[in-house]
Structure formats: structure tokens, C-alpha cells
Amino acid sequence: MGVTSFPHHVCLSVSIEDMSSVGEARRTACAMAKEQGLDETQTGNVAIAVTEACSNIVQHATHGELLLRPWSGSCGEGIEFLALDKGPGMANVATCLRDGYSTGGSRGVGLGAIARLSYDLDVFSAPDKGTVLRMVIGQQSQVKQSDNALDWGVVCVAKSGEAVCGDAWNIRPYQDINTVLVLDGLGHGLPAYEASIEAMRHFVALGEIKPAETLAFLDKNMRITRGAVAAIATIDLRDNKLCFAGVGNITASLLSASTRIAGLVSHNGTLGHSAPTFREHSHPWPSQGVLILHSDGLKSSWDLSSYPGLSQKKPSVIAGVLYRDFANRRDDAVVMVGKAHQSPICWGEINP
Ligand SMILES: [Mn+2]
């Protein structure tokens, strides 16, 4: 992997501490924009939005983190940014988003500018808990997404100091059935990365087979690797059914809005080494269903109901909040959130 190559499933993390780290964030974002083929105008928009978002962190929260990754989805292609902080938060996000709002150098003007440059923007902010700002900048497209396709939000970040991430994920939409794979290659660093990449390679080549069969297939084909733990869920919204199979410690929870209604059961083992049981479990997909899957890079003590309004946000924002508040920072981390599709949030809708 060259230094200018950005794998699409992994977020780069830039720690935001001072104005020099704001510059680093901007340079990293512009390099990614260039590699993604964004034109000069869009690259300029990336520079402005990242500078605004990160300067706000320094000014109001003193420190935080910017996550960025190449992004493609139903509404276009570009770069997805998550700006995370645990600062004072905003009492009223809508007021802060309104252009021209200012209380003497507050974050108002900056947020308005960011909103106009993004085509899918979402914010979760709570007083004294901080802010998660999510924006996508790039090319809009008009591809019509199936009504049965879930939206997925993901944060996948390598352990600090590691060049590669041993946690990984993949989504496979197939004839209205949503299939998601979450992987944690044992340990971290290159051998963990190689194990999860090998599993992904086999997963994407597979036809549509059931979660337990898929895990058994991956197990058989991962003997040469260090091994991985993994979970697979298929969600069919036509009959509101979720089917789940897991091996090892991937935490999987099914929620209705912010209420956890089921912990999804994984069986002990390691794919490639010792995985005697491949068994799947079915659950009805609830109204306002939210599926959350994460590796042991996150503590599982989270409770979405302690964040009023968060379950209504875009899945990337939910993933960002959980990563910000529950990543243990001693390991690679992946968190995936799936929920029913919502239209992109555009500036015109926030401020018609
Ligand atoms: Mn791990």
C-alpha cells in the first residue's frame, strides 16, 4: 500500500489539538480528494469545510478527532468526514446552522458554510457531551436506491501507530437482501490485516449463501492466516427478518430506536483455527430497527438511550458517537450501524 493510497473501508484519523493539526487534516483531506478524482472546486470545498470543522474543535472543544475516508453510496461519490469532539456542544444545532448566526466568534458562521458545501450533512450535539459532525463532499449522483436497502454507517480505525487495520467490514446488497460482514483479524498490525483481507476476498467472491454457511466457507479458506473473529447478518426488509451468525467476540445488538431488544449470539471460536459451531439465529426486524455491530476495539457498555435523539440520526453519526465515547484505543476498532434508508440531508432542506 503506497502512502497516497487510501483503502475505502478504513478511516484515517487525525488528532486535532491545535492549528497545526488543522493544517495536517486539511492536507490529508486534499490528498484524498485528489486521489478520489474530485475536481478543483470540490477539492477547494473539502479544504474549506475541513478547516472550518477542525478550527471549531480547537476553538470550542480544545481537542478532538477528524475521521475521513473515500465514500460511495446511493447519492454519490466523494469523501466522508466525521469531526468528533467532547466539548461543550451546541444548545441549538438548527440555530448554529443558520447562515450568519454568530455570538461573537462562535461556531455559527463556520457551520453554515460547511452545510452549504456538503450534500449530506448531519450533526449530533449535546450540551457538555460534545459534537459529532458528519459531512460528505463530492459528486452527487441520481442512482435510485432500492426501498429495501439499508443505510450503513461505519467507523473502522487502525490502532494508533499501525499503518494497516486488522478490523474490516463489507456490505453486499443482493436482490433486496442486505448482507453485512464484520471482521477482526487476531491481534493487530500486518498479520491481522492479512487475515481480514483474505476473508474479505473470499466473501465478495461468494454467491448469496446463508450466514452460517458463509462463516464455514471463510473458516476453511483462512487456515493459512492468523485467523479472525467475524459476524454476518442478512436483513430482508420484505419480510422484516434478520438472520445472524457469529464466531468469536463481535458484539451485535438489535435495537428499536434507542432500545436494545436483542443481543445477537456468537459462538466461541476463531475462523481459520477453531470454529466448531456455525449456527444462525433469526429475529424479526423491529420498527425503527437499528443494527449495531462492533469489534472488541469498543467497550460494549454503551446505551443509546442516554443520547436523546441519536437513534434518529444518520448511521454514520451513530457510529461516530459510539467510537468517540467507547473505543478503548488499545486495538483496531470497527463499528457498523445499519438502519432504514433516509434521504441525503442537503443544505436546501435545512434552510429552505
Ligand atoms: Mn480486536
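Of 258, 274, 253, which residue is of a type in the set (Gly, Ala, Ser) and touching a Lys or Arg at 6+ places or on another chain (Cβ under 6 Å)? Before the answer, list the steps.
Numbers: 258 fails: touching a Lys or Arg at 6+ places or on another chain (Cβ under 6 Å); 274 fails: touching a Lys or Arg at 6+ places or on another chain (Cβ under 6 Å).
Among 258, 274, 253, only 253 is of a type in the set (Gly, Ala, Ser) and touching a Lys or Arg at 6+ places or on another chain (Cβ under 6 Å).
For the stretch 163-187, enumerate the residues that are charged (D, E, K, R) and within 16 Å of the ligand (Cβ to nearest atom).
167, 184
Results for (1) at pLDDT 95 or above; (2) surrounded by 19 or more Cβ atoms within 10 Å (Cβ to Cβ); (3) outside any loop (DSSP other than H, G, I, E, B), shown as yes or no for each residue.
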| residue | (1), (2), (3) |
| --- | --- |
| 277 | no, no, no |
| 282 | yes, no, yes |
| 292 | yes, yes, yes |
| 301 | yes, no, no |
| 305 | yes, no, yes |
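Only one residue in 272, 263, 309 is loosely packed, with under 14 Cβ neighbours inside 10 Å, in contact (Cβ under 8 Å) with a residue 40 or more places away in the chain and not basic (Lys, Arg), so which one is that? Quick ask: steps written out before the conclusion?
Values: 272 fails: loosely packed, with under 14 Cβ neighbours inside 10 Å; 263 fails: in contact (Cβ under 8 Å) with a residue 40 or more places away in the chain.
After applying the criteria, what remains is 309.
Here's the yes/no breakdown for (1) assigned to a helix (DSSP H, G or I); (2) buried (at least 21 other Cβ atoms within 10 Å of the Cβ); (3) small (Gly, Ala, Ser):
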position	(1), (2), (3)
31	yes, no, yes
37	no, no, yes
58	yes, no, no
78	no, yes, yes
88	no, no, no
95	yes, no, no
Kindly indicate whether any position in the stretch 225-245 is more than 15 Å from the ligand (Cβ to nearest atom), surrounded by fewer than 18 Cβ atoms within 10 Å (Cβ to Cβ), at pLDDT below 95 and of a type in the set (A, V, I, L, M, F, W, C).
no
Candidate set from the stretch 314-344 (those that are within 13 Å of the chain's Cα centre (by Cα) and charged (D, E, K, R)); member that is surrounded by the fewest Cβ atoms within 10 Å (Cβ to Cβ)
324
So which residues in the stretch 188-221 are more than 16 Å from the ligand (Cβ to nearest atom) and over 30 Å from residue 341 (Cβ atoms)?
198, 216, 219, 220, 221
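Taking residue 257, is it at pLDDT below 95, among the aliphatic types (A, V, I, L, M) and away from the ligand (no atom under 15 Å from the Cβ)? Give the steps one after another, and end with the answer.
Working: at pLDDT below 95: no; among the aliphatic types (A, V, I, L, M): yes; away from the ligand (no atom under 15 Å from the Cβ): yes.
When the stated conditions are applied, residue 257 does not pass them.
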For the stretch 4-11, does any single residue satisfy the condition of being closer than 25 Å to residue 336 by Cα, modelled with pLDDT of 95 or more and not in a loop (DSSP other than H, G, I, E, B)?
no
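The values are calculated or read from the model by the stated rules, or taken from the named source; none is laboratory data. If you're wondering where the values come from, they're calculated on a predicted model, not measured in any experiment. Neighbour counts are summed over all protein chains in view; Cβ atoms, including those assigned to glycine, are modelled from backbone coordinates with ideal geometry.
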